[in-house]
Amino acid sequence: LEDPGILKIGQNLKFDILVFWQHGIELRCIDDTMLMSYALDAGIHGHGMDELSELHLNHKPIPFSEVAGKGKAQITFDQVPVDRATAYAAEDADVTLRLWHILKPRLVGERRATVYETLERPLVKVLAGMERAGVKVDKAVLARLSADFAQKMARYEEEIYEMAGERFNIASPKQLGETGAWSTDADTLEMLAAQGHDLPQRVLDWRGLSKLKSTYTDTLPDHINPDTGRVHTSYSLASTSTGRLASTEPNLQNIPVRTEDGRKIRTAFVADKGNLLISADYSQIELRLLAHIADIEALKKAFAEGLDIHAMTASEMFNTPIEGMDPSVRRRAKAINFGIIYGISAFGLANQLGIARGEAGEYIDRYFKRFPGIRAYMDDTKEFAHKNGYVETIFGRRIHLPAINSKNPAEKSFMERAAINAPIQGSAADIIRRAMIRMPRALAYAALSARMLLQVHDELIFEVPEKEAKKTCETVSGVMSSAAAPALELAVPLDVDARAAKNWDEAH
């Protein structure tokens with residue numbers, strides 16, 4: 001297992017690496033069929049062994065429930081009789097090897113070997129190390145936040161009942177709809193709130209707090225490992241089509257940062273005594289990649305000169321001097337800048353800014369006139385996607401869009417927006433993967449004992465001894481800002497903000 005000259009083939013080897021570590025064994029020289037499939041067919045189908053077996057081998061493997069039972073009667077694998085365990089485990093190994101014989105040649109034949117070997121396989125051990133390290137979470141902070149949120153929700157409830165003129169179950173869309181709204185989905189409530197209606201806004205506030213309480217402050221304590229006192233999330237390498245990692249059990253990537261209450265959750269993520277947490281975050285990486293990929297001179301120049309990109313956009317669009325600019329004008333430009341990446345419509349922008357749809361449409365038209373290269377990029381990308389059924393990141397990751405030529409106009413429109421965004425979001429995901437892969441060696445070379453704990457979209461979290469914080473911030477920033485090289489020379493600099501503090505919120 002440790003011999004670097006013997007190839008070990010597995011399916012989802014991150015799990016096995018963690019098990020081997022518990023026994024002091026270092027698994028070396030690996031190939032992972034799950035990641036091979038992901039590098040080849042992201043967006044087309046799932047990459048679990050059972051699905052791949054049926055797809056490529058026309059064979060349905062033995063279900064786990066058949067050997068271990070179901071529900072409350074289910075036993076752990078060490079309790080399964082040896083004859084049944086043998087059949088189940090041997091089939092796993094056999095299917096995995098058969099899949100390897102099919103997928104390995106495809107990597108070379110379809111020119112996906114570099115993506116697999118530089119962005120997928122090397123990350124397995126890095127993520128396993130992060131999962132093993134975990135992050136310390138303060139139960140007392142969570143308990144206090146739960147109590148605060150409950151009190152605030154109670155106040156909101158009374159305000160809502162007063163505005164509605166009756167008492168009802170706020171959590172029930174049906175009962176809320178009966179207070180006068182035709183629809184109670186989040187988009188409708190946000191639209192009504194943006195138009196200045198107080199009741200929908202208060203309902204949104206209540207729902208937001210309810211979700212924070214039920215998803216995080218009430219349940220995170222259950223995820224704290226009693227042996228380590230830390231939360232050990234699990235990272236999935238092959239569950240998004242764009243290359244972004246996904247965090248589960250618990251999901252630590254969806255903690256809201258735009259609201260004050262959401263940010264309070266991060267205060268519960270703390271460093272051990274004598275240590276600090278470092279948050280290192282790419283600054284506006286997707287806008288920078290848009291400037292590079294779409295070759296937008298005005299944006300490239302602004303990033304190269306370190307200008308405030310949103311103020312610059314506002315100045316270009318609204319003929320307003322940057323000096324003394326009204327913050328609301330900059331806010332509009334910011335909403336358009338980020339909205340354009342995700343193919344925002346005039347309707348969506350109008351809701352976001354609380355303005356008329358016609359005015360929002362004028363803003364979008366003005367934006368495209370001012371930055372014509374963006375429209376050209378969008379049109380070219382959609383044309384490529386329709387013709388080929390996929391788009392690619394700047395590092396060659398292929399993101400398949402099987403429904404891009406759908407006869408359903410809504411589905412086709414959704415896939416076109418995905419096609420526009422995928423090369424940008426996927427390239428950002430590839431860059432942070434490259435940084436994560438290089439990080440352990442860079443930290444070791446600098447004789448630093450920092451541990452990488454979490455990855456949250458464009459942000460990496462580390463735990464470090466206080467005396468090493470400054471040098472670690474410098475090392476981490478250097479690795480992240482140069483992560484595209486030497487494979488690619490970007491037309492814009494990658495800026496990284498790295499700060500150290502006692503908890504995640506203060507460091508961010």
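The values are calculated or read from the model by the stated rules, or taken from the named source; none is laboratory data. Quick caveat: nothing in here was measured; it's all calculated off a predicted structure. Cβ atoms come from the backbone with ideal geometry, glycine included; neighbour counts cover every protein chain shown. Surface areas here come from the heavy atoms of the whole protein model, side chains and all, with no ligands, DNA or RNA. Shrake-Rupley method; radii C 1.70, N 1.55, O 1.52, S 1.80 Å.
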How many residues, within the range 353-379, are under 14 Å from HIS310 (Cβ atoms) and within 26 Å of the chain's Cα centre (by Cα)?
-> 1
Among ILE322, ILE344, ILE364, ILE355, the single one that is farther than 23 Å from ALA491 by Cα and touching a Ser or Thr at 6+ places or on another chain (Cβ under 6 Å) is ILE322
Subset of the range 13-26 [assigned to a loop (DSSP other than H, G, I, E, B) and either open to solvent by 60 Å² or more (accessible area, probe 1.4 Å) or touching a residue at least 40 places away in the same chain (Cβ under 8 Å) (or both)] | HIS23, GLY24
All but one of (1) of a type in the set (D, E, K, R); (2) closer than 29 Å to LEU237 by Cβ; (3) touching a helix residue (DSSP H, G or I) at 6+ places or on another chain (Cβ under 9 Å) hold for ASP148; which doesn't?
-> (2)
Evaluation of TYR367 against (1) open to solvent by less than 20 Å² (accessible area, probe 1.4 Å); (2) farther than 30 Å from VAL476 by Cβ; (3) modelled with pLDDT of 95 or more (one fails), failing number | (3)
Looking at this structure, is PHE414 open to solvent by 50 Å² or more (accessible area, probe 1.4 Å), of a type outside the set (A, V, I, L, M), under 22 Å from the mean Cα position of the chain (by Cα) and more than 27 Å from GLN455 (Cα to Cα)?
-> yes
Can you name every residue in the range 32-49 that is closer than 11 Å to LEU99 by Cα and open to solvent by 20 Å² or more (accessible area, probe 1.4 Å)?
-> MET34, MET49
Open to solvent by 20 Å² or more (accessible area, probe 1.4 Å), at pLDDT below 85 and of a type outside the set (Gly, Ala, Ser): does that describe ASN405?
-> no
How many residues, within the range 60-88, are of a type outside the set (Gly, Ala, Ser), under 25 Å from THR33 (Cα atoms), surrounded by 13 or more Cβ atoms within 10 Å (Cβ to Cβ) and out of contact with any Phe, Trp or Tyr (no Cβ under 6 Å at 6 or more places or on another chain)?
-> 4
Within the range 130-146, work out how many residues are open to solvent by less than 10 Å² (accessible area, probe 1.4 Å) and among the acidic types (Asp, Glu).
-> 0
Flag for THR215 being open to solvent by 30 Å² or more (accessible area, probe 1.4 Å), in a loop (DSSP other than H, G, I, E, B) and among the polar types (S, T, N, Q) = no
Considering the range 150-172, residues that are free of Cβ contacts under 8 Å to residues at least 12 places away in the same chain and aromatic (Phe, Trp, Tyr), and then whichever is farthest from ARG202 (Cα to Cα), we arrive at PHE168
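Go through the range 388-422 and give me each residue that's over 22 Å from ALA39 (Cβ atoms) and in a helix (DSSP H, G or I). First the steps, then the outcome.
Going residue by residue through the range 388-422, those that are over 22 Å from ALA39 (Cβ atoms) are 405-414, 416-417, 420.
Of everything in the range 388-422, those that are over 22 Å from ALA39 (Cβ atoms) and in a helix (DSSP H, G or I) turn out to be PRO409, ALA410, GLU411, LYS412, SER413, PHE414, GLU416, ARG417, ILE420.
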Complete set of residues in the range 27-42 that are part of a strand (DSSP E or B) and of a type outside the set (A, V, I, L, M) = ASP31, ASP32
Considering the range 89-122, residues that are open to solvent by 50 Å² or more (accessible area, probe 1.4 Å) and polar (S, T, N, Q), and then whichever is farthest from PRO440 (Cα to Cα), we arrive at THR114
All but one of (1) under 31 Å from the mean Cα position of the chain (by Cα); (2) among the polar types (S, T, N, Q); (3) at pLDDT below 90; (4) in a helix (DSSP H, G or I) hold for SER183; which doesn't?
-> (4)
Across the range 271-283, what is the number of residues that are surrounded by 19 or more Cβ atoms within 10 Å (Cβ to Cβ) and under 19 Å from VAL496 (Cβ atoms)?
-> 7
Of (1) surrounded by 22 or more Cβ atoms within 10 Å (Cβ to Cβ); (2) within 15 Å of LEU237 (Cα to Cα); (3) out of contact with any Gly (no Cβ under 8 Å at 6 or more places or on another chain), HIS457 satisfies all except one. Which?
-> (1)
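When the residues of the range 1-12 are narrowed to those that are of a type outside the set (S, T, N, Q) and touching a Leu at 6+ places or on another chain (Cβ under 8 Å), which ends up surrounded by the fewest Cβ atoms within 10 Å (Cβ to Cβ)? Spell out how you get there, then give the answer.
The initial filter retains those residues of the range 1-12 that are of a type outside the set (S, T, N, Q), namely 1-10.
After this cut, where a residue has to be touching a Leu at 6+ places or on another chain (Cβ under 8 Å) as well, the list is 1-2, 8-9.
Working: LEU1: 13, GLU2: 11, LYS8: 15, ILE9: 18.
That would be GLU2.
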Here the residues within the range 328-359 that are surrounded by fewer than 15 Cβ atoms within 10 Å (Cβ to Cβ) and assigned to a helix (DSSP H, G or I) are SER328, ARG331, PHE347, ARG357, GLY358, GLU359
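Among THR381, THR475, which is at negative phi, surrounded by 16 or more Cβ atoms within 10 Å (Cβ to Cβ) and either touching a strand residue (DSSP E or B) at 6+ places or on another chain (Cβ under 7 Å) or modelled with pLDDT under 95 (or both)? Full working, then the answer.
Details: THR475 fails: either touching a strand residue (DSSP E or B) at 6+ places or on another chain (Cβ under 7 Å) or modelled with pLDDT under 95 (or both).
Residue meeting the stated conditions: THR381.
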Is at least one residue of the range 205-222 within 27 Å of the chain's Cα centre (by Cα) and at pLDDT below 75?
-> no
